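Worksheet for the structure shown next.
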Amino acid sequence: MNAPAPSETLRELLQGQGPLLFLTGAGVSAESGLATFRGPGGHWEGRNPMELATPEAFASDPLTVWRFYAWRREQAAAAAPNPAHLAIASFQRAREDAALVTQNVDGLHERAGSRRVVRLHGSLWRLRCMRDGEETDDTRADLGPLPPRCACGALLRPGVVWFGEPLPEDALAEATSAARAARVVVVAGTSSLVYPAAGLPRIASDAGAFVVEVNPEPTPLSDLADERIEGPAGVVLPRLVEAAGIPTGRTA
Ligand code: BJW
C-alpha cells in the first residue's frame, strides 16, 4: 500500500530530542481485524455500537450490552498486534520520552510491548462492580453466564468509559500534560470526533507542538495538523519510526 513519505521537516523533528506523543484510536487496530466504531463493519448484530456504549443502554438492557462486550473481548483476544502497534512499542523502547495515549480498549498496544500506555477510555479487560465501583482485571475467554456478577452479587460492567461519563482523572491529567509537553504529536487512526481526547492535539498545537495526522481519511483535525500522511497506520507508523533512525524489526 502506498502512502506519502514523511516530509524533511518531520524527519528532522523525529530524529531530534524532545518529548513525542502518540495519540491513537480504533483505526490503529483496524489492520488487526478489529472494526472501527464509525467505519464499515462497525455494527454488531445490526446495531450501532454508539447506541450500546452508553450508561443508558446498560441500565435498560445489561444482557444485550454484555453480549456486545463479550463479542468484543472474543474479537480482541483473537487479534494480534499489527505493525502500527509494534512500531510505537519500538519507538517507546528506544526513546524514554515517547508517551502513548490511546482511546482503544482492546489491549493490543500492551500486547505489542508498550509498557507505558495511558488509557483514556478504559479497558475491555477490566470489570467494575456496580455496587462499590471496585475494578478487577479479568482476561478470561469465557465470562460464564451473562451478565456477569460480582462475588457480592451485584452486576458487573465493562471497565470502559461510555458517553457522558468522566474519563479516569489520572489518565486525562497525564494525557493533558503529555500534550502540553510534546514537541511532536502523532495522531493515528482516530476520527477526532470524541472529546476530550479529540481536544488533545489542539492543546499540543497551542503549546507549540508539530501535529501529524496519520489516517486514510480526512477528519476534523486535518486543518489543524501541520502534516497529514494519508495511509494506513500499519504502513505509515513503521516508516515514521524508521525515519527517526529506530529499527522496527521489519524486513520490507
Ligand atoms: C485508519 C485505518 C487504518 C481506519 N489506519 N487509520 C466537547 C464538544 C462536544 C461534545 C463533547 C465535548 N466534551 C464532551 C463531549 C461529549 C462526548 C463527545 O465527545 N461527544 C461527541 C461524539 C460529540 N464525550 C463524552 O461523553 C466523554 N465524557 C465526557 O466528556 O465526560 C465529561 C464529564 C465530566 C464530569 C462528569 C461527567 C461527565 C466520554 C467519551 C467516551 C467514548 N467512549 C467510546 C466507547 C468506549 C468503550 C468501547 O470501546 O466500547 O470510545 S465511544 C468510541 O469513540 C470509543 C472510541 O475510543 C471513541 C473514538 O473513536 P475512534 O477511536 O476515533 O474510532 P472511529 O471509528 O471514530 O474512527 C476510526 C478512524 O480510523 C477513522 O478516522 C478512519 O478513517 C481511521 N482508520 N482504518 C489509520 N488502517
Quick count over the stretch 148-166, residues being assigned to a strand (DSSP E or B), in contact (Cβ under 8 Å) with a residue 40 or more places away in the chain and more than 9 Å from the ligand (Cβ to nearest atom), is 2
| request: Would you check if S222 is part of a loop (DSSP other than H, G, I, E, B), under 30 Å from A59 (Cβ atoms), of a type in the set (S, T, N, Q) and modelled with pLDDT of 95 or more? | output: no
The residue that is nearest to P196 (Cα to Cα), considering only those in the stretch 122-139 that are assigned to a strand (DSSP E or B) and among the acidic types (D, E), is E135
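Please enumerate the residues belonging to the stretch 1-46 that are among the hydrophobic types (A, V, I, L, M, F, W, C) and buried (at least 20 other Cβ atoms within 10 Å of the Cβ). Lay out the reasoning, then the answer.
First, pick out the residues of the stretch 1-46 that are among the hydrophobic types (A, V, I, L, M, F, W, C): 1, 3, 5, 10, 13-14, 20-23, 26, 28, 30, 34-35, 37, 44.
Matches in the stretch 1-46: L10, L13, L14, L20, L21, F22, L23, A26, V28, A30, L34.
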How many residues of the stretch 13-36 are outside any strand (DSSP E or B) and more than 12 Å from the ligand (Cβ to nearest atom)? The answer is 7
Scanning the stretch 53-87 for residues that are crowded, with 20+ Cβ neighbours inside 10 Å and aliphatic (A, V, I, L, M), the one nearest to the chain's Cα centre (by Cα) turns out to be A84
When every residue in the stretch 233-243 that is out of contact with any Ser or Thr (no Cβ under 9 Å at 6 or more places or on another chain) and surrounded by 23 or more Cβ atoms within 10 Å (Cβ to Cβ) is compared, the one nearest to V214 (Cα to Cα) is V236
Inset, instruction - Confirm whether Q92 is crowded, with 20+ Cβ neighbours inside 10 Å and either assigned to a helix (DSSP H, G or I) or at pLDDT 95 or above (or both). - result: yes
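The values are calculated or read from the model by the stated rules, or taken from the named source; none is laboratory data. Everything numeric in this text was worked out from a predicted model, so none of it was measured. With ideal geometry, Cβ positions are generated from the backbone for all residues, glycine too; neighbour counts draw on all protein chains shown.
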